[in-house]
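Some notes on the structure that comes next.
The values are calculated or read from the model by the stated rules, or taken from the named source; none is laboratory data. Being a predicted model, the structure only gives us computed values, none of them experimental. Glycine gets a Cβ as well: all are built from the backbone with ideal geometry, and neighbour counts include every protein chain shown.
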């Protein structure tokens with residue numbers, strides 16, 4: 001346990017972390033990969049190149065130092081990280097490697113400021129956090145195995161079907177090679193897939209939201225192809241799925257994880273707000289609500305650049321025809337043909353245009369899309385009087401948004 005003096009030493013580093021946190025975490029990752037190059041197969045090297053992972057870790061270390069007196073206030077963030085670790089098959093022994101390199105990085109970056117007492121305090125603080133994470137993840141692993149069709153680690157799945165959903169998005173239907181069942185999941189969760197990237201000579205994992213309702217037989221992921229002259233590593237797995245993975249091919253899959261999930265126990269209205277490929281976890285939620293016969297009011301709000309890149313348009317129309325409680329509102333940045341009058345709009349998603357069509361009493365709001373999209377919808381909802389406790393959002397990649 002941390003002593004009162006050790007807590008004060010950790011808190012004393014807060015100003016340094018605020019100013020130099022990114023430099024510290026950048027040094028840490030370089031050091032760790034230099035001493036443990038095998039870990040490059042575990043971490044998303046695209047997020048390393050973009051700086052997202054270093055920024056996310058710097059924010060997490062700062063938050064931990066700021067709240068060292070009561071780390072329980074970080075429970076939601078810790079849970080989200082725990083789910084991500086389980087999806088990457090992170091194991092307890094890897095915490096020792098991280099801890100050793102983190103303490104060495106603090107010492108090397110702070111220089112003379114890294115007194116033995118400070119390093120000892122951070123060592124105790126890290127051990128406390130590691131034990132918390134290991135305990136949380138142990139429970140998640142146990143729950144994953146306990147499910148019918150459950151497993152931990154990497155399991156081979158076959159791509160039995162590829163379906164082009166739009167000019168950019170293709171769905172992959174994944175069935176276990178062993179012919180067994182697949183574990184049920186909570187609508188909104190994701191799986192990790194792992195492929196070998198010849199360009200990097202590494203295995204690389206990526207998380208993709210499950211875009212179908214639970215069915216016990218297969219998983220579906222719907223992946224956007226990245227375009228441009230210079231594809232960064234974080235788009236390489238998506239593009240490899242599009243360009244090289246065909247029906248009959250086998251990929252490795254980790255069990256479902258994630259805490260951005262539909263609360264199916266409520267009977268109050270639910271509003272889904274998505275941008276681009278951000279609709280994938282929300283499609284799973286929507287299908288689940290309609291398939292299980294929930295009698296909730298549902299509002300589906302989605303924005304795409306244009307109709308050509310708009311995936312799942314027809315399936316949502318079909319669901320709306322099946323359920324008169326479901327109302328849809330579609331926004332296109334631009335369009336080259338006349339739009340139906342009812343429920344279609346020109347421009348970006350704007351809740352102020354919809355007003356009472358979107359803002360319903362006691363509704364829960366689920367938002368997913370690029371970070372700027374989430375931020376805009378969140379602020380618009382709060383400005384329209386929606387309590388923050390009823391707004392739920394998922395940011396693809398390392399968690400960097402702190403809106404709640």
Whichever residue in region 167-181 is in contact (Cβ under 8 Å) with a residue 12 or more places away in the chain and either more than 22 Å from the chain's Cα centre (by Cα) or surrounded by fewer than 18 Cβ atoms within 10 Å (Cβ to Cβ) (or both) and, among such residues, is farthest from residue 39 (Cα to Cα): 167
Positions within region 154-190 being farther than 27 Å from residue 272 by Cα, in a loop (DSSP other than H, G, I, E, B) and either assigned by TED's automatic domain parsing to the domain that holds residue 281 or touching a strand residue (DSSP E or B) at 6+ places or on another chain (Cβ under 8 Å) (or both), in sequence order: 154, 177, 178
Residue, modelled with the lowest pLDDT, within region 232-267, restricted to residues that are under 23 Å from residue 163 (Cα atoms) and in contact with a helix residue (DSSP H, G or I) (Cβ under 9 Å, 6 or more places away or on another chain): 234
Hits in region 380-404 - residues which are at pLDDT 95 or above and either closer than 14 Å to residue 271 by Cβ or surrounded by 13 or more Cβ atoms within 10 Å (Cβ to Cβ) (or both): 380, 381, 382, 384, 385, 386, 387, 390, 391, 392, 393
Subset of region 61-76 [free of Cβ contacts under 8 Å to residues at least 40 places away in the same chain and within 21 Å of residue 4 (Cβ to Cβ)]: 63, 67, 70, 72, 73, 74
Tabulated pairs, region 198-212, first more than 30 Å from residue 262 (Cβ to Cβ), second assigned to a strand (DSSP E or B), C-beta under 8 angstrom, 6+ apart or interchain: 202/196; 203/194; 203/195; 203/196; 203/197
One residue from 184, 259 being closer than 12 Å to residue 281 by Cβ, surrounded by fewer than 22 Cβ atoms within 10 Å (Cβ to Cβ) and under 19 Å from the mean Cα position of the chain (by Cα): 259
Subset tally (residues that are in contact with a strand residue (DSSP E or B) (Cβ under 8 Å, 6 or more places away or on another chain) and either surrounded by fewer than 19 Cβ atoms within 10 Å (Cβ to Cβ) or without any contact (Cβ under 8 Å) to a residue 12 or more places away in the chain (or both)) for region 213-227: 3
Qualifying residues in region 21-60 (those that are out of contact with any helix residue (DSSP H, G or I) (no Cβ under 7 Å at 6 or more places or on another chain), in contact (Cβ under 8 Å) with a residue 12 or more places away in the chain and surrounded by fewer than 17 Cβ atoms within 10 Å (Cβ to Cβ)) - the one nearest to residue 113 (Cα to Cα): 51
Top-ranked residue of region 349-379 - restricted to ones that are in a loop (DSSP other than H, G, I, E, B) and touching a helix residue (DSSP H, G or I) at 6+ places or on another chain (Cβ under 8 Å), ranked as modelled with the lowest pLDDT: 370
